1. Hey, any hits in the stretch 79-95 for a residue that's at pLDDT 95 or above and under 19 Å from Ser51 (Cα atoms)?
2. Between a residue in the stretch 96-110 that is touching a residue at least 24 places away in the same chain (Cβ under 8 Å) and any residue that is part of a helix (DSSP H, G or I) and surrounded by fewer than 13 Cβ atoms within 10 Å (Cβ to Cβ), which pairs come within a Cβ distance under 8 Å, given they are 6 or more apart or on different chains?
3. I'm trying to understand the selection: among the residues of the stretch 85-105, which are among the hydrophobic types (A, V, I, L, M, F, W, C), under 20 Å from the mean Cα position of the chain (by Cα) and surrounded by 17 or more Cβ atoms within 10 Å (Cβ to Cβ)?
4. Taking Val116, is it within 21 Å of Ser39 (Cα to Cα), free of Cβ contacts under 8 Å to residues at least 24 places away in the same chain, aliphatic (A, V, I, L, M) and out of contact with any Gly (no Cβ under 7 Å at 6 or more places or on another chain)?
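The values are calculated or read from the model by the stated rules, or taken from the named source; none is laboratory data. Owing to the predicted nature of the structure, the values given are computational and were not obtained by experimental measurement. FYI the Cβ positions are ideal-geometry reconstructions off the backbone, even for glycines, and counts take in every protein chain you see.
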Amino acid sequence: MKKYIISIALALIVGLIFGKFMLRQYNFEGKIIPVINNSRNAYFIQQGVYSSKESMEKNLKAIPYYIYVVDNEKYYVYIGITFMNENVDKIKGYYEQKGYDIYVKQININNENFSVVLEQYDGLLKESSDPEVIGTICSQVLNKYEELVLRNDS
């Protein structure tokens, strides 16, 4: 019996020494890259593209909140964001009733915090048919997008 205990203890000690030696061979200070990609496609409701900031601001006086992205000296204006197809139709209908031409783009979002917030607002938007509520939710979503995504990417 004593012979087995000594053999087991010796095997554990040798294993620990080899294990420690092997672990020292690797540098664990490198950047960790996530294996799972939490990105999702969202529908961005685009109002239009403008060649100048002045023309954009002039045409959007009636819209309380919007975001814009400048790309190749053009101003791309977004007035809503959603994950749900059903909500795309609601947002489009809301702004088309106000006389705006609406375009829908799918854009990949990889900000998990914003995705959680957008899912919550999508639930509220799905349950509402009141135009005032739809407009308010769109403004809140854009505000959160600006806060959680645009400011963090800068």
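1. yes
2. So the pair list comes out as Ile102/Glu96.
3. Val88, Ile91 - these are the residues of the stretch 85-105 that are among the hydrophobic types (A, V, I, L, M, F, W, C), under 20 Å from the mean Cα position of the chain (by Cα) and surrounded by 17 or more Cβ atoms within 10 Å (Cβ to Cβ).
4. Yes: the conditions hold for Val116.
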